[in-house]
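These notes are about the structure you will find just below.
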Amino acid sequence: MENDEIDKMLNNYYKNLQTPVNIENIINNIPQKSIYKKRKIWWKISTVCAIFLMICTITFGKEIYLYILDRMAKVHEGIATAVNNEYYSEINMEYAESNNVGIKIDYILMDDYNLFLAFDTKYEINNVIYEARFEDLIITDENNNLIFCDDVDTYEEYCKESGKEVRTIPKDSITNGGYGIENIEPKENNVVTLYKLYSSQFPKSKELNIEIHTVELTTREETMSIEGVWKIKINLPENFYEREDIIYFVKDGSDRKANISIESAVITNTQTVVSYKGNSENYDSTQEGLEDKINSLLNGGGFYDEIWIENENGEKFETSATNDNYGTTYSADGTYKGKLPFSLTTYDLTDKLYLVIERDGVKYRINLVR
């Protein structure tokens, strides 16, 4: 194609653009010495507009992206460390569509103890959607492990199809009933909902299968219940299913002075879980004594007044309980056992770690090594 033909095509194209009046007046007042200069100005203006639009789109998208990750990180410091070290996955997928509602997953984070899913829900209603809930949500993996379900009918149908015995959902679900929901990005026709699922041991799944049959969408005026079928399959990244726990133990008996036995400290990408057992000092086995012990536990008491983990850099990591999978249980003979989570992650490790327990004004320092 000749240059004159290209110029003619571009000139016709730009003539049809809707230009703000003030900009059009400026261009029309340019001396007509060279039509090329005029075209050149049109070219520059359109280029600037295109770049501006692209920057706005990228900036808006990045703001949402950062906001989702920020909400994940606010759960506790261990999650924040994992996110800061890019231990999460952005999922590029199309919406699963049913009855004019689209659902997809934008981001996911998964290790032994935490599974976070950012659901992106859209519905063309010309109104701000403040909340989306999936009451019959069920999540399984490629081995048909029940990762999450909190609806009785959906659970019973899963058991029927899988040939499994129907039990209490929290006991059968890998999440043990521990989860939270947060709607974090309400806007017109769309909302992002963060599902925060917790477990004492998520499997090293390679894929997750998500199924939803009822979506509840809440605007300022109403809550709508929309039925359909939404099926989403996520192939998880290798660093999720090839993850390795790092285990520390007590090898010098430094836990005996604290009248406790530390069985292990298991460190993952998002937190540490310390397993322990021991005997209560001056244990009162009467009914009154047992009630006092229970009340003490309910008010945050137990075998310690304060407890934390330190690494060799002097960094301090507090407890990070997010659900009922952790805590201390006492037996009638005065023995106790339990698990406690801490915000220490694999990114914070040093050769030695120190579990520090303060009780009755005495500080016990327990040495942990691999």
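So the label point goes 7 Å from the Cα of Lys251 along Cα→C-beta, right? Which residues of the stretch 335-370 then have their backbone N under 11 Å from it? Counting only backbone N, you get 352, 368-370.
Quote the charge dipole size of the stretch 76-241 about the Cα centre in Debye, to the nearest 20; the model charges only the Cβ of Lys and Arg (+1) and of Asp and Glu (-1). Don't jump to the answer; show the numbers that get you there.
Values: 14 positive and 33 negative charges, 61 e Å.
Charge dipole, the stretch 76-241, about its Cα centre: 300 debye, nearest 20.
May I ask you to derive the FRET efficiency for Lys164 and Glu142 from their Cβ-Cβ distance with R0 = 25 Å, giving the value to the nearest 0.05? If you can, show how the numbers build up before the last one.
Values: r = 17 Å, r/R0 = 0.67.
Calculated transfer efficiency: 0.90.
Amide H to amide H, with H built 1.01 Å from N, Asp305 comes under 5 Å of Glu358, Arg359, Asp360, counting only residues 5 or more places away or on other chains. What FRET efficiency, computed as 1/(1 + (r/R0)^6) with R0 = 25 Å and r the Cβ-Cβ distance, is obtained for Glu358 and Val152, rounded to the nearest 0.05? Efficiency for this residue pair is about 0.05.
Stretched out fully, how many nm does the piece from Glu131 to Arg243 gain, at 0.36 nm a residue minus the Cα gap? If you can, show how the numbers build up before the last one.
Working: separation 112, 0.36 × 112 = 40.32 nm, distance 3.33 nm.
Length difference between fully extended and current span is 37.0 nm.
Scanning residues 5 or more positions from Asp136 or on other chains, those with amide H under 5 Å from its amide H are His213, Thr214, with H placed 1.01 Å from N in the peptide plane.
Once backbone amide H atoms are built at 1.01 Å from N, Thr219 has Tyr130, Met224 as its partners under 5 Å, excluding neighbours fewer than 5 places away on the same chain.
Lys-Lys pairs in the stretch 76-241 that are eight or more residues apart or on separate chains and whose Cα atoms lie under 13 Å of each other come to 5. The Ile184 and Glu306 beta-carbon pair, evaluated with R₀ = 25 Å, returns a calculated FRET efficiency of approximately 0.15. Normalised by 2.2 N^0.38 Å, with N the number of residues, the alpha-carbon radius of gyration of the stretch 119-205 equals 1.26. Beyond 28 Å, the tail of the calculated P(r) for the stretch 76-241 holds 21 percent of the Cα pairs. Each residue of the stretch 260-268 was assigned a 3J(HN,Hα) from its phi angle through the Karplus expression (A = 6.51, B = -1.76, C = 1.60, θ = phi - 60°), giving 8, 10, 7, 7, 5, 10, 9, 10, 10 Hz with x at Gly and Pro.
None of the figures in this text is laboratory data; all of them are computed from the coordinates on show. All figures in this text were calculated on a predicted structure; none of them were measured in a lab. Neighbour counts run over all protein chains shown; Cβ positions are idealised from the backbone, glycine included.
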